[in-house]
Amino acid sequence: MNEKIRTLSDREQAREKISIWFGSKDNYVHGIKEVIANGTDEIINKFDSGNIDVVLYDDNQTIEITDTGRGIPIGGETDGVKNYELLFLKLFAGSKYGENGVAGGNYTGSFGCGLTVVNYTSSLFEATSTYNGKKYHIGFTNGGEIAFPLSCIDADKDSHGTTIKFKLDKDVYTNTTYIPEEVEDIARRYAVGSNKVTVNFKYKDRKQSYHYDNLADYYTELTGDKNTSSIAFGESVAFDDNDEKTSVSIALSTTTETKQESYLNLTHLSSGGKINEGVLTGVKIYANKYCKLNKLFPKNINSFTDSDVEESISFVAVMFSNNVEFENQTKFSTAKALYKEVAKKRAMQILEVMEIED
């Protein structure tokens, strides 16, 4: 028997195995998150402030996202391979780059994998990037075929940023028509975790801008009149664990209707995970200790249960990590044990400080 073993190309891996990257063919909104996250990474790591503009076109299928970051280095080559090929046509080839747009910088984010999947699963994909006094533009069609080659023109030396425009391929996803409110909600959430970022959403005549000076402002907006206790808020505090640096800020209170949200490197973890577990564990440990010391438990009860805490506590936790780990590429959750421990410690610290102040 002389059978040949088939190896999938990067394009086939992206299109035929989309569930590996985005969870399923149904998760057609994930590409928006990938592109916005790249832009917010740029701003929070390299600038005091910046904007992300998210535009949903009238066809409800075309998305354009612009950031005021440094501009991704789509011009030039790395080790003899054109940079735009590495960034948009090669899986796992997104390299960290330095101040001059070359690989090897100390930047904490990287590009390539997410954008490559978006390109290969789109019927239209265009990238415009401005940096070092030049403006580069390239377009693709039919999942990675070059529609027009890379062009370069002079630009203002102070101009910088990236625009990604794409329209998903109906042959890959079960749906490619966006719900405007869903796109706006995705955009809004990327403004929650950092006052460096302003996210602007535009659809037809609707224009909305999102910016929060601090997490307490967002939490107050989120919980409204549902709070049944004072809001406990703690600014971002850093935790070091060998070479890992993690910081977390938390706002929490008791509420009549619970709202529980966590963010990791500005990405909303819609399924929660270890950060959520850490906050709730920290609250439970603190509450049990406080009530025992002050003899507040009724007879025959000596502790709160997990459900007691989960059903009465609202919180928003924003965590940043220099060695970020999501549970998978969909980024709905995180399973990293360190994040639970950090969130637990910070929740307890915040409540202890609030107790002293009261």
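Summing charges over all other residues whose Cβ lies under 15 Å from the Cβ of residue 125, with Lys and Arg as +1 and Asp and Glu as -1, gives -2. Given a Förster distance of 22 Å, report the FRET efficiency between residue 7 and residue 81 from their Cβ-Cβ distance, rounded to the nearest 0.05. The pair residue 7/residue 81 has a calculated efficiency of 0.70. Once the Cβ-Cβ distance of residue 308 and residue 227 is raised to the sixth power relative to R0 = 22 Å, the FRET efficiency obtained is 0.80.
Could you work out how much longer the chain between residue 237 and residue 17 gets when fully extended? Use 0.36 nm per residue separation minus the Cα distance between them, nm to one decimal.
Additional length available on full extension: 75.3 nm.
Annotation: lysines with alpha-carbon distance below 23 angstrom to residue 295 (same-chain offsets under eight excluded): 284. With loop membership from DSSP and a limit of 10 other Cβ atoms within 10 Å, the longest segment of the chain without trypsin sites (Lys or Arg not before Pro) is 7-156.
Multiplying the residue separation of residue 90 and residue 352 by 0.36 nm and removing their Cα-Cα distance gives an extension gain of 89.4 nm. When the Cα atoms of the chain are aligned to their principal axes, the ranges along those axes come out at 75, 63, 45 Å in descending order.
Structural size metrics of segment 174-302, computed from C-alpha coordinates, are Rg and Dmax of 18.3, 61 Å.
Rg and Dmax over the alpha-carbon atoms of segment 188-251 stand at 15.2, 50 Å.
Strictly over 21 Å apart at the Cα level, which of 33/90; 33/170; 226/340; 274/344; 17/202 would you flag in this model? Distance filter (> 21 Å) returns 226/340; 17/202. As a calculated quantity, the FRET efficiency between residue 145 and residue 292 at R0 = 56 Å, using C-beta atoms, amounts to about 0.25. Of the accessible area of the chain, computed with a 1.4 Å probe over protein heavy atoms only, carbon and sulfur atoms account for 46 percent. Would you work out if segment 45-96 is rounded, prolate or oblate? Take a ≥ b ≥ c from the square roots of the eigenvalues of the alpha-carbon gyration tensor; rounded if a/c is under 1.5, else prolate when a/b is larger than b/c, oblate otherwise. Oblate, since a/c reaches 1.5 and b/c is not below a/b.
Would you kindly state how much longer the chain becomes between residue 335 and residue 244 on full extension, computed as 0.36 nm times their sequence separation minus their alpha carbon distance, in nm to one decimal?
Stretched out fully, the residue 335 to residue 244 stretch lengthens by 31.2 nm.
Which of rounded, prolate or oblate describes segment 1-60 when judged by the alpha-carbon gyration tensor and an a/c cut-off of 1.5? Prolate, since a/c reaches 1.5 and a/b exceeds b/c. Using the 1.4 Å probe convention, the accessible area of the chain works out to 49 Å² per residue with neighbouring protein chains retained. Distance between the C-alpha centres of segment 268-331 and segment 151-194: 34 Å, rounded to the whole angstrom.
The values are calculated or read from the model by the stated rules, or taken from the named source; none is laboratory data. Everything quoted here is computed from the prediction, not taken from an experiment. Glycine gets a Cβ as well: all are built from the backbone with ideal geometry, and neighbour counts include every protein chain shown. Remember, those area values only see protein heavy atoms, side chains included, never the ligands or the DNA or RNA. Shrake-Rupley method; radii C 1.70, N 1.55, O 1.52, S 1.80 Å.
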